[in-house]
Each structure stands twice: as structure tokens, then as C-alpha cells.
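Taking it in order: structure first as C-alpha cells, then the write-up.
The values are calculated or read from the model by the stated rules, or taken from the named source; none is laboratory data. Small disclaimer: the values here were computed from a predicted structure and weren't measured. Cβ atoms come from the backbone with ideal geometry, glycine included; neighbour counts cover every protein chain shown. Protein only, heavy atoms only, side chains kept; ligands, DNA and RNA dropped before computing areas. Shrake-Rupley method; radii C 1.70, N 1.55, O 1.52, S 1.80 Å.
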Amino acid sequence: MSVIQAKNTALITGAASGVGFAVAKLCRTKGMHLALVDIDKDNLEKAKNVLHELDSSLKTEAYAFDVADIGAWKQTAAGVGKAFPDLDLVVLNAGKGYKPREASPSGLKQWLDGDYWRKTFETNVSGPLNGVEALLPLLLSKSQTPKSIVVTGSKQGMTNPPGGKNPAYNASKAAIKSLTEHLSHDLRSDPATAHISVHLLVPGWTWTGMMGNVGVTNEEEVKKMPGAWYPSQVATELLNGLEKGSFYIICPDGETDRALDQARIKWGAEDAVEGRPALSRWEDSWKHRADEAIQKEANQRRE
């Protein structure tokens with residue numbers, strides 16, 4: 001049974017737009033109290049108002065701060081502990097894709113800009129870790145009813161595509177995959193925490209704030225590219241994954257189905273096993289073989 005149900009409480013980061021807002025909206029339609037977190041104070045207030053209007057009988061609190069700030073996290077956790085009788089669902093969704101400085105030499109700029117790496121990891125890795133540190137005591141301190149922690153990863157943290165010239169984002173999401181796997185194992189292996197399930201949400205191509213869909217929007221009014229999913233579709237996929245008890249909740253999109261995702265992930269994992277060049281899927285001497293093998297694998301999975 002999913003923790004997304006009436007009278008439960010969800011805390012969601014990155015809740016002012018995109019997937020975070022979509023998840024918050026889904027939780028509200030299921031009758032949940034909401035604690036909303038985002039660095040964007042203005043859009044966070046708009047999100048709070050929209051969600052409050054959906055059901056004013058339910059509690060909605062907003063906390064504007066940078067998830068990289070552990071002090072702000074601990075202050076917020078104290079406030080959440082006082083505002084809500086219990087905490088049932090934590091969705092650590094806030095993330096950011098930064099760009100290296102243009103002043104660096106073309107082609108190498110991402111390796112010559114330490115600030116680009118630092119900012120990316122502070123938001124995408126330290127942010128969720130701070131959330132776990134601050135909120136895990138709340139998940140343990142009250143009722144021992146089922147709880148869930150969801151961390152948002154990325155397919156880029158699994159397949160590691162080099163084409164976007166954003167290795168810091170890919171590496172941060174690869175770290176999140178590893179950290180979330182460890183968290184899941186540790187919590188389910190300890191009787192004191194076995195009631196807390198952990199899930200890795202992996203969106204596909206989704207029209208979010210990173211692509212210009214910033215703030216609280218009516219999806220029917222958003223102009224997006226045909227292959228991209230709406231954030232609400234990712235939220236629905238999250239709900240389905242929680243109901244199934246899945247750890248890896250890997251979302252397809254309008255261009256990539258599950259079979260193709262699986263084949264791509266498998267090829268990348270086998271680079272080390274087969275002794276191929278790193279990121280062989282994009283290596284000129286391997287690209288044709290990779291494409292053929294991935295397509296064959298995907299077709300077999302579809303049968």
C-alpha cells in the first residue's frame with residue numbers, strides 16, 4: 001500500500017514547479033497534508049495558494065530555503081515536527097543543472113570551472129543528504145506506520161551521456177543513485193527502520209523548469225516538445241511505483257519506452273564487464289555496434 005493516502009503528510013522539495021509541484025498536487029488530490037520546500041520564494045507562495053485552494057481543510061505549509069543549507073534544513077525539520085502530527089512521505093526532488101563559465105576554453109570549460117562542480121554537487125547531492133539527515137529523525141520519532149523516502153535521480157546518472165557537456169550533472173545523479181541504493185539497504189536491514197521504504201524516481205524527458213517550464217502552470221497551456229512528458233505523468237508513475245513497492249521507478253517518455261531504457265542501461269553497465277572503452281555507446285569506433293545491439297535487445301524485450 002502506498003503512503004500517498006488521505007490524512008497522511010508529505011514533504012516535497014522543489015515543490016514550486018515541475019515534478020515537485022505535480023507530486024504535491026497529486027498528493028493533495030489524495031487528501032494529504034503538505035509541507036512544501038523550494039528556494040524560489042515567490043513561486044513557492046503561488047504553489048501554496050493553488051494547493052490550498054484545492055482543499056482548504058488540509059494543512060499546507062511552505063518553507064523557502066536552499067536545500068544545500070543544513071542549518072536551514074534543521075530549522076525547517078523542527079517547524080515541520082511542530083506543524084504536523086506525523087510525517088509519512090519525503091520527496092527529495094530539488095535539483096539543478098548549472099553551466100560552466102563560458103570564459104573557459106571551448107571543449108574544456110567544464111573541467112576548468114571548479115565552482116560549476118561545487119554548486120552542482122551542493123544542490124544535487126548535499127541537498128538530498130541534508131534532507132535525510134534532518135528528516136529521518138521525524139520519520140522515526142512518532143508512529144511506526146509505513147513511511148517512504150523518494151529521491152529524484154536521472155537517467156543521465158545511469159547512462160552518463162557525454163553529448164550535453166554537463167558531466168557534473170551526470171556525476172551528481174550517479175552519486176544519488178548510489179547513495180539512495182545504500183539508504184534503501186540500510187533502512188530495510190534494520191528492524192528499527194524497516195517500516196521506511198526508499199525509492200529512486202528516475203524521470204524520462206520531462207518538461208520542467210530546467211527547460212523553461214518554471215513556476216505553477218496549467219499543463220494544458222504549456223507548449224512543450226512532442227516527445228516530452230508532462231510533470232503530472234511522472235507523478236502518476238511515482239504513485240504506481242509506490243503502490244508496487246518498486247525501488248527503481250524509471251519513467252518512459254514519448255520517445256523512449258521501457259524496453260529501450262533497459263537496453264541502454266544494460267549496454268552502459270556492460271562496458272566494464274566487456275572491457276569496452278568508457279561510454280562506448282558514443283565512441284565513433286563502437287557507435288554502430290552499440291546502436292545495433294541496443295535496438296536488438298530492446299526488440300527482444302518488447303516481444
Give the Kirkwood hydrodynamic radius (Å, one decimal) of segment 20-166, defined as one over the mean of 1/r across all pairs of different Cα atoms.
17.0 Å
Pop out the carbon and sulfur fraction of the accessible area of the chain as a percent, whole number, probe 1.4 Å.
52 percent
Comparing 68, 235, 278 in a Gaussian network model of the chain (Cα, 10 Å), the one with the largest mean-square fluctuation is 278
Summing -39500 (n - 2.57) over every DSSP H run of at least 4 in the chain, dividing by its residue total and rounding to the nearest 500, the 222 nm mean residue ellipticity is -14500 deg cm²/dmol
Evaluated at 20 °C and 1.002 mPa s, the Stokes-Einstein D of segment 49-102 based on the Kirkwood radius over Cα pairs, in µm²/s, stands at 155 µm²/s
Dipole size in debye (nearest 20) for segment 36-190 around its Cα centre, Lys and Arg Cβ +1, Asp and Glu Cβ -1?
420 debye
R0 of 30 Å, Cβ-Cβ distance residue 232-residue 75: FRET efficiency to nearest 0.05
0.45
Can you tell me the orientation of helix 167-189 relative to the chain, as the angle in degrees between its alpha-carbon axis and the longest Cα principal axis, to the nearest 10?
60 degrees
Compute the acute angle (0 to 90°) between the alpha-carbon long axis of helix 231-244 and the principal axis of greatest extent of the alpha-carbon atoms of the chain; round to the nearest 10°.
80 degrees
Which distance in nm do the two modelled labels at residue 53 and residue 244 give, with both placed 7 Å along the Cα-to-Cβ direction?
3.6 nm
Where only C-alpha atoms are counted, convex hull volume of segment 1-99 per residue in Å³:
96 Å³
What is the sum of charges, Lys and Arg at +1 and Asp and Glu at -1, for the other residues whose Cβ falls under 12 Å from the Cβ of residue 115?
+3
Helix 41-54: inclination vs the chain longest Cα principal axis, degrees, rounded to 10, gives 60 degrees
Here segment 288-297 yields Karplus 3J(HN,Hα) values (6.51, -1.76, 1.60; θ = phi - 60°; whole Hz; Gly and Pro given as x) of 5, 5, 5, 4, 5, 5, 5, 5, 4, 4
With every protein chain kept in place and a 1.4 Å probe, the chain has an accessible area per residue in Å² of 49 Å²
Compute log10 of I(q)/I(0) for segment 258-303 with the Debye formula, placing one identical point scatterer on every Cα and leaving out solvent, at q = 0.17, 0.20 Å⁻¹, to two decimals.
-0.43, -0.58
How much net charge surrounds residue 198 when only other residues with a Cβ under 13 Å from its Cβ are counted (Lys, Arg +1; Asp, Glu -1)?
0
Would you grab the residues whose amide H sits under 5 Å from the one on residue 39? Only those 5+ places off in sequence or on another chain, please, with H modelled 1.01 Å from N.
14, 65
Excluding same-chain residues fewer than 8 positions from residue 41, which aspartates and glutamates have a Cα within less than 12 Å of its Cα?
66
Which residues qualify? For residue 202, with a placed amide H closer than 5 Å and at least 5 residues away or on another chain, they are 153, 249, 250, 251
Two decimals is fine: what's Rg over Rh for the chain, C-alpha atoms, Kirkwood radius as Rh?
0.97
Which percent of Cα-Cα pairs in segment 119-214 sits in each 5 Å bin, short to long?
3, 12, 20, 23, 16, 12, 8, 5, 1, 0
Apply the Karplus curve 6.51 cos²θ - 1.76 cosθ + 1.60, θ = phi - 60°, to the phi angles in segment 16-31 and return the couplings in whole Hz, x for Gly and Pro.
7, 6, x, 4, x, 5, 4, 5, 4, 5, 4, 4, 5, 5, 8, x
Rounded to one decimal in nm, the spacing of the 7 Å Cα→Cβ label points at residue 302 and residue 289 is 2.5 nm
